[in-house]
Amino acid sequence: ILIRNKADKDSENLEKLNKILKASNQGTLLGWLPKDAQKGKFIAKWNSIWQQNGMKAVNVSIGFGRVLSVKDQAAQKCTQTAAGFAAVVFKNHLQSEIEDACDQQSKITHEQLSE
């Protein structure tokens, strides 16, 4: 988990990600979803970093499609169980934390929320 640093416009975090990508699969491939066109300064900076390092963007939408496709009975049961656990965690912990932060009009980071 990288904590966002707006002061340096995430340069340090992008460099960390770049090093991680270089270490994985010889740093040659980067998965992306071509249907989702990203815009903004952050994504422009990110695109320039991986392109300068000679990485090749590979369409991973087919793989995600398979993961998200219709499942058999056993897979559906696992998904339902996981969703149930997520709902319990949200209801018993996360919801009250978010409501408290909103009621107090306080700023809370994802890191603080996860504690």
Worksheet, complete the sentence: In Å, the Kirkwood hydrodynamic radius from C-alpha pairs for the chain sits at 18.0
Discussion item. At 1.567 mPa s and 4 °C, plugging the Kirkwood radius over alpha-carbon pairs of segment 71-115 into Stokes-Einstein gives what diffusion coefficient in µm²/s?
Written reply: 106
Worksheet item: If amide H atoms are built 1.01 Å from N in the plane of the peptide, which residues on other chains or at least 5 residues away come under 5 Å of the amide H of Asp10?
Response: Asn5
Discussion item. Can you tally the net charge around Leu2? Count Lys and Arg as +1, Asp and Glu as -1, for every other residue whose Cβ sits under 11 Å from the Cβ of Leu2.
Written reply: -2
Worksheet item: Which residues' amide hydrogens lie under 5 Å from the amide hydrogen of Leu29, considering only partners 5 or more residues apart or on another chain, with H built in the peptide plane?
Response: Lys56
Item to complete: Could you give the size of the charge dipole of the chain about its Cα centre, using +1 on the Cβ of each K and R and -1 on the Cβ of each D and E, expressed in debye and rounded to the nearest 20?
Response: 700
Fill in: Charge context of Ser61, other residues only, Cβ under 14 angstrom, K/R +1, D/E -1
+1
Practice prompt. Whole Å is fine, so just give me how far the alpha carbon centre of segment 1-65 lies from that of segment 84-115.
Written response: 29
Response to the item:
Per the rule of 0.36 nm per residue minus the C-alpha distance, extending Phe64 to Leu113 adds in nm 14.8 nm
Worksheet, complete the sentence: Note, segment 39-44: 3J(HN,Hα) by Karplus (6.51, -1.76, 1.60, θ = phi - 60°), whole Hz, Gly/Pro = x, goes 9, x, 5, 4, 5, 5
Item to complete: Please compute the net charge surrounding Gln52, taking Lys and Arg as +1 and Asp and Glu as -1 over other residues with Cβ under 15 Å from its Cβ.
Response: +3
Response to the item:
The correct pair for segment 1-69, radius of gyration to one decimal and Dmax as a whole number, both in Å and from Cα atoms, is 13.4, 41
Item to complete: Mind scanning Lys22/Lys45; Lys16/Lys107; Lys9/Lys35; Lys16/Lys56 and naming the pairs with a C-alpha gap bigger than 21 Å?
Response: Lys16/Lys107; Lys9/Lys35
Item to complete: Go through Ile108, Asn92, Gly27 and say which Cα lies farthest out towards the positive end of the charge dipole of the chain; charges sit on Cβ, +1 for Lys and Arg, -1 for Asp and Glu.
Response: Gly27
Fill in: Sum of -39500 (n - 2.57) over DSSP H runs of 4+, divided by residues of the chain (222 nm, nearest 500)
-16500 deg cm²/dmol
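FYI, it's all coordinate maths here, none of it is from the lab. This is a predicted model, so every value here is computed, not measured. Virtual Cβ from ideal backbone geometry, glycine too; neighbours counted across all protein chains shown.
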